[in-house]
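J.: Got a structure for you, written out below as C-alpha cells; questions coming shortly.
The values are calculated or read from the model by the stated rules, or taken from the named source; none is laboratory data. As the structure is a computational prediction, the values presented were derived from the model and not from experiment. Don't worry about glycine lacking a Cβ; one is built from the backbone with ideal geometry, like all the others, and counts go over all protein chains shown. With ligands, DNA and RNA removed, areas are computed over all heavy atoms of the protein, side chains included. Shrake-Rupley method; radii C 1.70, N 1.55, O 1.52, S 1.80 Å.
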Amino acid sequence: EGFYEWREEDERKWPFFFERKDGKPLMLAAIWDYSDVKGDVVPTFAIMTDEPNELIAPYHDRMPVAIDNPETWLEPNTSLDDLAMLEPDQFVVRPVNPAVNKVAEKDIDKIEDMTVIVPPPKSKARKK
C-alpha cells in the first residue's frame with residue numbers, strides 16, 4: 001500500500017508512511033534475477049530508486065520508483081526515462097508510531113496509533 005521513510009528531528013528518528021492519495025495500490029519498479037546463495041540458486045529482486053521528488057526530499061535522499069502504469073515497465077526495452085512516475089501531489093504522507101520498526105510488534109492498531117507526537121518537518125535541508 002505504501003512505503004516508510006524515517007526523518008531525524010530533535011535527535012530522534014520518526015517514521016512516516018507514504019501512500020497514493022487515490023487509494024490505489026502503489027506499484028514500484030523492480031528488477032529480478034537468479035542468484036547463487038550458499039550454493040542454492042534463488043530468485044532475488046531489487047526495488048529501483050531515484051532521486052527524491054520535493055515531497056520526499058525532506059525525509060530521504062532517494063525514493064522508490066513509483067509508477068502509475070506497470071504495463072510500460074514490463075516491456076523489455078523500457079528504461080527508467082520512459083516511465084511515467086507518480087507526481088508528488090499523487091501521494092499523501094502521514095506519521096506512524098515508531099512501533100512500526102519493532103519486529104515483535106504485530107498489532108497494526110499500535111502502529112497506526114499516533115498518540116506519539118511527531119514534530120513537523122523543519123524547513124531546512126535534511127541531514128545526511
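J.: In the list Trp73, Trp6, Trp32, which residue meets the criterion of being within 12 Å of the chain's Cα centre (by Cα) and either among the polar types (S, T, N, Q) or not in a loop (DSSP other than H, G, I, E, B) (or both)?
T.: Result: Trp6 is the single residue among Trp73, Trp6, Trp32 that is within 12 Å of the chain's Cα centre (by Cα) and either among the polar types (S, T, N, Q) or not in a loop (DSSP other than H, G, I, E, B) (or both).
J.: Out of all the residues in the stretch 22-34, which are open to solvent by 70 Å² or more (accessible area, probe 1.4 Å) and over 13 Å from Phe3 (Cα atoms)? Please lay out each step first, then the result.
T.: Of all residues in the stretch 22-34, those open to solvent by 70 Å² or more (accessible area, probe 1.4 Å) come to 22, 24-25, 27, 31-34.
Matches in the stretch 22-34: Asp22, Lys24, Ile31, Trp32, Asp33, Tyr34.
J.: Only residues that are surrounded by fewer than 10 Cβ atoms within 10 Å (Cβ to Cβ) and assigned to a loop (DSSP other than H, G, I, E, B): list them for the stretch 35-53, please.
T.: Once the filter is applied, which keeps residues that are surrounded by fewer than 10 Cβ atoms within 10 Å (Cβ to Cβ) and assigned to a loop (DSSP other than H, G, I, E, B), the stretch 35-53 yields Lys38, Gly39, Glu51.
J.: Now, a different point. Output the qualifying pairs, or none if there are none: Cβ atoms under 6 angstrom, residues six or more apart or on different chains, first residue in the stretch 64-79 and closer than 15 Å to Arg20 by Cα, second residue open to solvent by 100 Å² or more (accessible area, probe 1.4 Å) and among the charged types (D, E, K, R).
T.: none
J.: Follow-up. In the stretch 77-128, which residues are surrounded by 11 or more Cβ atoms within 10 Å (Cβ to Cβ), acidic (Asp, Glu) and at pLDDT 85 or above?
T.: Glu87, the sole residue that qualifies.
J.: Now for a separate question. Tell me, yes or no, whether the stretch 56-73 has at least one residue that is small (Gly, Ala, Ser), at pLDDT 95 or above and under 26 Å from Val93 (Cα atoms). Give the steps one after another, and end with the answer.
T.: Pass one, the stretch 56-73, residues small (Gly, Ala, Ser): 57, 66.
Imposing the further condition that a residue be at pLDDT 95 or above reduces the set to none.
No.
J.: Checking Lys13 against (1) over 19 Å from the mean Cα position of the chain (by Cα); (2) assigned to a strand (DSSP E or B), only one condition comes out false. Which one?
T.: Only one criterion in (1) over 19 Å from the mean Cα position of the chain (by Cα); (2) assigned to a strand (DSSP E or B) is unmet by Lys13, namely (1).
J.: Oh, and also: Identify all residues within the stretch 76-97 that are assigned to a helix (DSSP H, G or I) and within 18 Å of Pro58 (Cβ to Cβ); write none if there are none. Before you say what the answer is, go through the steps one by one.
T.: Residues of the stretch 76-97 that are assigned to a helix (DSSP H, G or I), as a first pass: 80-82, 88-90.
Passing the criteria: Pro88, Asp89, Gln90.
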